[in-house]
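As structure tokens, the structure follows; a few thoughts come after it.
The values are calculated or read from the model by the stated rules, or taken from the named source; none is laboratory data. Since the model is a prediction, treat every value here as computed from it, not as a measurement. Neighbour counts are summed over all protein chains in view; Cβ atoms, including those assigned to glycine, are modelled from backbone coordinates with ideal geometry. The protein model used for the area step is the full one, side chains on, heavy atoms only, and it has no ligands, DNA or RNA in it. Shrake-Rupley method; radii C 1.70, N 1.55, O 1.52, S 1.80 Å.
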Amino acid sequence: MNSSSRKPPTDFDALVIGAGHNGLVCAAYLARAGLRVGVFERRSLVGGAAVTEEFAPGFRNSTASYTVSLLNPQVIRDLHLAEHGLRILERPMQNFLPLPNGDSFSAGPDSASTLAEVRRYSAKDAARLPEFYALLDRAVAMLRSLLTRTPPTDLRRGRDLWEVLRFGREFRALPIAAQRELHEFFTRSAGEILDHWFECEPLKALFGFDSVVGSYASPYTPGSAYVLLHHAFGEVNGKSGVWGHAVGGMGAITQALAAEARQLGVHIECDSPVANIITMRGRGSEAPRATGIKLVDGRVFGAPRIIGNLGPKPLFLSLLAPEDLPEDFRRHIERWRVGSATFRMNVALSALPNFTAQRSRNDDSHLGAGIIFAPSLGYMDRAYASARLNGISREPIVEMLIPSTLDDTLAPKGSHVASLFCQHFDYDLARPDAPDRSWHTPGMREAVADFIIDTVDAYAPNFRTSIVGRSALSPLDLEERFALAGGDIFHGALGLDQLWAARPALGHGDYRTPIRGLYLCGSGAHPGGGVTGVPGMNAAREILRDGRR
């Protein structure tokens with residue numbers, strides 16, 4: 001039982017559970033408004049999944065999240081992250097795809113360079129690419145307009161009705177052709193759209209990769225086109241659609257956020273896991289109210305506002321008593337779809353990978369790119385089908401970054417670190433001929449890591465022999481280390497049933513929950529996953545609005 005007949009002493013104006021990036025953003029905005037804020041983190045360091053840690057002697061790297069683009073520029077400005085040392089470097093080339101036939105495909109650093117590369121494969125595609133970029137820009141502009149706006153929850157409220165009318169008016173203002181295009185992006189598969197637009201397989205693979213990142217799906221799964229859009233709304237240093245590297249790794253972002261929060265007076269405690277949220281029963285039909293938290297070590301803290309920076313499943317199903325929640329809401333959260341099928345690796349290297357693929361550019365800019373080992377949409381579709389059948393993709397989708405080519409703080413001189421983001425690997429490892437196999441099976445994690453390395457080694461034969469240390473995180477490891485239910489890097493699938501006003505549930509897409517005084521500020525709220533800071537910023541705005549009320 002989490003409920004109490006007495007409120008605990010009010011130690012703070014707001015308590016945040018979890019010091020991930022959204023929790024720190026929310027805490028900082030609340031403190032800017034004059035609230036006394038406490039943040040309690042289960043791990044020994046702040047940052048959640050956006051942290052930099054040593055994984056081999058002398059080698060440091062981003063442990064989970066690993067690249068920057070979606071971090072909202074307003075958050076960067078408002079919370080003075082540059083003044084706290086955050087520096088983001090653009091990739092010298094955006095993406096590099098080594099191909100099985102010994103050729104390669106390079107994208108970026110600008111659209112002109114990408115166009116020149118596409119012409120090597122298809123003059124027709126080169127002619128159509130600017131039009132496709134314009135379509136993406138229109139779709140991304142619509143998406144960006146929604147990012148920092150609170151989704152509607154109750155059309156009987158004036159502001160919610162206005163938000164729906166506002167969105168409808170903006171959509172109707174577009175030319176009818178643009179409306180049709182946008183509708184397709186929000187409902188169809190990325191594969192269908194890309195097959196319509198292009199014939200060049202590497203070009204389709206470049207866009208298609210963004211449609212399956214963090215999504216346990218095929219590029220031909222309906223709705224995957226939205227996932228592509230979700231990865232396209234970012235920017236680096238004012239340049240739209242660009243990806244980059246935070247000097248010092250992703251932990252540099254959360255360390256800058258923590259520095260600003262502390263400067264604003266936020267109290268942050270690490271090694272302080274929360275056991276449960278304390279609630280008080282409402283009168284009559286009134287919903288319960290959150291009044292505090294109890295830590296695993298037995299300490300109790302009270303506040304009129306409790307803010308969860310963790311996914312909907314752990315927040316509602318682990319930290320609250322079943323009777324605190326309406327039965328229909330609890331059943332909905334039990335059905336909340338999680339599981340991004342992500343396997344994450346870091347490797348320490350004594351030498352840079354030596355790719356055998358022919359390159360169209362006579363420099364090493366490809367080593368600073370996002371290197372994608374997934375040469376076609378068909379390859380990605382088979383990787384998904386293999387995981388659905390076998391639990392793991394024997395030919396996985398892999399993106400490798402070598403951030404030490406841009407940032408010499410991560411590895412000893414002459415050495416390097418590489419991040420490998422890999423899919424698809426089922427959290428449950430369900431397989432008809434081996435029903436008892438799981439991530440707890442001895443040697444499973446290391447066996448998967450080995451054939452991921454084999455995937456890279458097929459294109460860079462010195463890769464395996466240059467590895468001097470490695471760290472591997474299965475979906476189960478991601479859950480246990482970072483409290484990501486099902487190992488889901490986005491706190492919940494980015495399907496159309498779990499977006500905007502339905503994230504995490506219709507009627508509660510405005511960062512408020514069925515428990516009075518309890519809010520959700522993590523990636524399980526609008527606009528979803530990625531290191532954006534937007535859920536934390538939006539939640540703080542709604543919390544302060546309730547306070548003024």
Could you check the range 487-500 and list, in sequence order, the residues that are at pLDDT 95 or above and of a type in the set (Gly, Ala, Ser)? GLY487, GLY492, ALA493
Can you give me the ranges of the strands (runs of 3 or more DSSP E) entirely in the range 40-143 with at least 1 residues that are of a type outside the set (Val, Ile, Thr) and surrounded by fewer than 17 Cβ atoms within 10 Å (Cβ to Cβ)? 52-56, 88-90
Output yes when any residue across the range 503-518 is open to solvent by less than 10 Å² (accessible area, probe 1.4 Å) and of a type in the set (Phe, Trp, Tyr), and no when none is. yes
Number of positions in the range 352-374 that are open to solvent by 40 Å² or more (accessible area, probe 1.4 Å) and of a type outside the set (S, T, N, Q): 5
If you go through the range 58-75 one residue at a time, how many are among the hydroxyl-bearing types (Ser, Thr, Tyr), over 13 Å from ILE489 (Cβ atoms) and in contact with a helix residue (DSSP H, G or I) (Cβ under 8 Å, 6 or more places away or on another chain)? 0
In the range 397-416, anything buried (at least 24 other Cβ atoms within 10 Å of the Cβ), out of contact with any His (no Cβ under 6 Å at 6 or more places or on another chain) and closer than 29 Å to ASP381 by Cα is listed as ILE397, MET400, LEU401
Residues of the range 224-251 being more than 17 Å from the chain's Cα centre (by Cα) and either crowded, with 20+ Cβ neighbours inside 10 Å or polar (S, T, N, Q) (or both), which ones? ASN237, SER240, GLY248
Could you run through the range 501-549 and say how many residues are part of a helix (DSSP H, G or I) and either at positive phi or among the basic types (Lys, Arg) (or both)? 3
Within the range 463-471, does at least one residue satisfy the condition of being under 25 Å from the mean Cα position of the chain (by Cα), within 26 Å of ALA50 (Cβ to Cβ) and crowded, with 21+ Cβ neighbours inside 10 Å? no
Among the candidates TRP162, TRP197, single out the residue that is open to solvent by 30 Å² or more (accessible area, probe 1.4 Å) and of a type in the set (A, V, I, L, M, F, W, C). TRP162
Do we have SER386 as part of a helix (DSSP H, G or I) and crowded, with 18+ Cβ neighbours inside 10 Å here? no
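Would you say ALA178 is farther than 18 Å from GLY241 by Cβ, open to solvent by less than 50 Å² (accessible area, probe 1.4 Å), part of a helix (DSSP H, G or I) and in contact with a helix residue (DSSP H, G or I) (Cβ under 7 Å, 6 or more places away or on another chain)?
Against the criterion (farther than 18 Å from GLY241 by Cβ, open to solvent by less than 50 Å² (accessible area, probe 1.4 Å), part of a helix (DSSP H, G or I) and in contact with a helix residue (DSSP H, G or I) (Cβ under 7 Å, 6 or more places away or on another chain)), ALA178 qualifies.
Determine if the range 469-478 includes at least one residue that is more than 17 Å from ARG335 (Cα to Cα), charged (D, E, K, R) and part of a helix (DSSP H, G or I).
Yes, because at least one residue in the range 469-478 is more than 17 Å from ARG335 (Cα to Cα), charged (D, E, K, R) and part of a helix (DSSP H, G or I).
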Conditions first: (1) at pLDDT 95 or above; (2) of a type in the set (A, V, I, L, M, F, W, C); (3) farther than 25 Å from ASN95 by Cα. ALA458 passes all but one, so which condition is the exception? (3)
Conditions (1) out of contact with any Lys or Arg (no Cβ under 6 Å at 6 or more places or on another chain); (2) part of a loop (DSSP other than H, G, I, E, B); (3) of a type outside the set (Gly, Ala, Ser): number failed by TYR29: (2)
Checking PRO202, PRO219, PRO152 in turn, the sole residue that is more than 30 Å from MET93 (Cα to Cα), crowded, with 18+ Cβ neighbours inside 10 Å and within 25 Å of the chain's Cα centre (by Cα) turns out to be PRO152
Within the range 528-549, residues under 19 Å from LEU484 (Cα atoms) and open to solvent by 10 Å² or more (accessible area, probe 1.4 Å) come out as GLY530, VAL531
